[in-house]
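See below for the structure under consideration.
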There are 2 protein chains.
Amino acid sequence: MLSKKTKYGLKALTYLARQKTKEPIAIAEIAKHENISQKFLENILLSLRSTGFLGSKKGKGGGYYLIKDPSEIPMTTVMRVLEGPIAMVSCVSLNFYEKCDDCPDEQSCSVHRLMLKVRDSNLEVYRNTSLSDLLAR
Amino acid sequence: MLSKKTKYGLKALTYLARQKTKEPIAIAEIAKHENISQKFLENILLSLRSTGFLGSKKGKGGGYYLIKDPSEIPMTTVMRVLEGPIAMVSCVSLNFYEKCDDCPDEQSCSVHRLMLKVRDSNLEVYRNTSLSDLLAR
DNA sequence: TTGTTAATCTATAAAATCTATAGGATAAAA
DNA sequence: TTTTATCCTATAGATTTTATAGATTAACAA
């Protein structure tokens, strides 16, 4: 299941991408429009900021804004920050590889084999999807 | 992340599929070979039995055995029983559809749009993979 | 300078889910 | 009728997710 964190994060990014202006948008405004707890959203946007495509400004008139064009913001990056590794098991993870402690041999592991396919499949979707693809009606 | 339940369930099914004989295999044997808590595995196999491709026999010489050929056991069925719906949000689920309570319009929802792609992609993998595909070395 | 606004940061509470175990019931075989 | 192994239900323990609280920092405006 998709976490609420990811769901909210995607909605917030979409909300920002739909703005005509590039002026900062307050968290309160996003939270209100997208039915999200403001405090929860604060944490989410904060973690998204580390990606480099999201900027923020403090004080009056402050808020969040996109630094890059939505078409330059890939879902691989967004999903990794929000949802964590794209792979469902760490032994097939590109960015967070870890050996399974209970599995003596990856080559012959059925779970490994299946999850490799799933990872490749998901990766292709995320690599070929940017924030701009989520906007269209 | 893949749950341990699913991981264990897949390993157990694979273990059964690799048997030469069609005689029942005791849970204890599977648990030992695959490093799984026996009691936990009991529950898992029990839930897998509902799919119809897994049979069991009680008493001495009892255990679990595959009713169908591994090539006739699709991952869609296995994953749905073990891991739950394949869709990451219920609003794109084929078998467990539910409207999101916080989302006024699916058509314009960015999460819906993205998760639809992910579901299709995963579904294709699971539909084209059977238990027999997980066996090969 | 001072007050107001809004993001930043850390900690933690509350809720939900996952993982594992316990123990008796049932069925089959010897 | 004893032994063996699955069946079934309940629940304990651990982990993760979701949400909130409150003090801090930065920017702006009067």
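Computed from the coordinates by the stated procedures, all read-outs in this text should not be read as laboratory data. None of the values given here were measured: they were computed from a predicted structure. When we count neighbours, we look across all protein chains shown, and the Cβ atoms used for this are built from the backbone with ideal geometry, even at glycine.
Working note: 222 nm ellipticity from helices only, DSSP H runs with n ≥ 4, each -39,500 (n - 2.57), summed and divided by the residues of chain A, gives -13500 deg cm²/dmol to the nearest 500. Here the label points at B:S50 and A:L135, each 7 Å from Cα along the C-beta direction, are separated by 4.4 nm in the simple model. Taking every Cα-Cα distance in region A:1-104 and sorting them into 5 Å bins starting at zero, the pair-distance distribution P(r) comes out as 2, 12, 22, 21, 17, 9, 7, 5, 3, 1, 1, 0 percent. Taking every residue in B:67-77 and counting other chain Cβ atoms within 10 Å of its Cβ, the average works out to 0.
Once the gyration tensor of the Cα atoms in the protein assembly as shown is diagonalised, the equivalent ellipsoid follows with semi-axes of 43, 18, 16 Å, ordered largest first. Of the residues A:L123, A:L46, A:H33, the one whose Cα sits farthest towards the positive end of the charge dipole of region A:21-137 is A:H33 (charges of +1 on Lys and Arg Cβ, -1 on Asp and Glu Cβ, taken about the Cα centre).
Gain on full extension, evaluated as 0.36 nm per residue between A:D69 and A:E98 minus their Cα-Cα distance, stands at 7.0 nm. Sorted from nearest, the other copies put their A:L46 label points 4.4 nm away, the label point being 7 Å from Cα in the direction of Cβ. Run a plain Debye calculation on region B:42-93 (Cα atoms as equal point scatterers, no solvent) and give log10 I(q)/I(0) at q = 0.14, 0.23, 0.27 Å⁻¹, rounded to two decimals, same order as the q list. Treating every Cα as an identical point scatterer, log10 I(q)/I(0) equals -0.44, -0.90, -1.07. Springs join every pair of Cα atoms under 10 Å in this Gaussian network model of chain A, and among A:S37, A:S71, A:S108 the largest mean-square fluctuation is at A:S108.
Applying both filters, DSSP loop and at most 13 other Cβ atoms within 10 Å, to the GluC sites (Glu not before Pro) of region B:82-137 gives B:E98. Partner shielding of A:120-129 amounts to 4, given as the average count of beta-carbon atoms from other chains within 10 Å of each residue beta-carbon. Remark: mean inter-chain Cβ contacts per residue of A:102-111 equal 5, using a 10 Å Cβ-Cβ cutoff to other protein chain atoms. Chain A holds its axis-closest Cβ, relative to the rotation onto B, at the residue and whole-Å distance A:S121, 2. Restricting region B:1-33 to trypsin sites (Lys or Arg not before Pro) that sit in a DSSP loop and have at most 13 other Cβ atoms within 10 Å of their own Cβ leaves B:R18, B:K20, B:K22.
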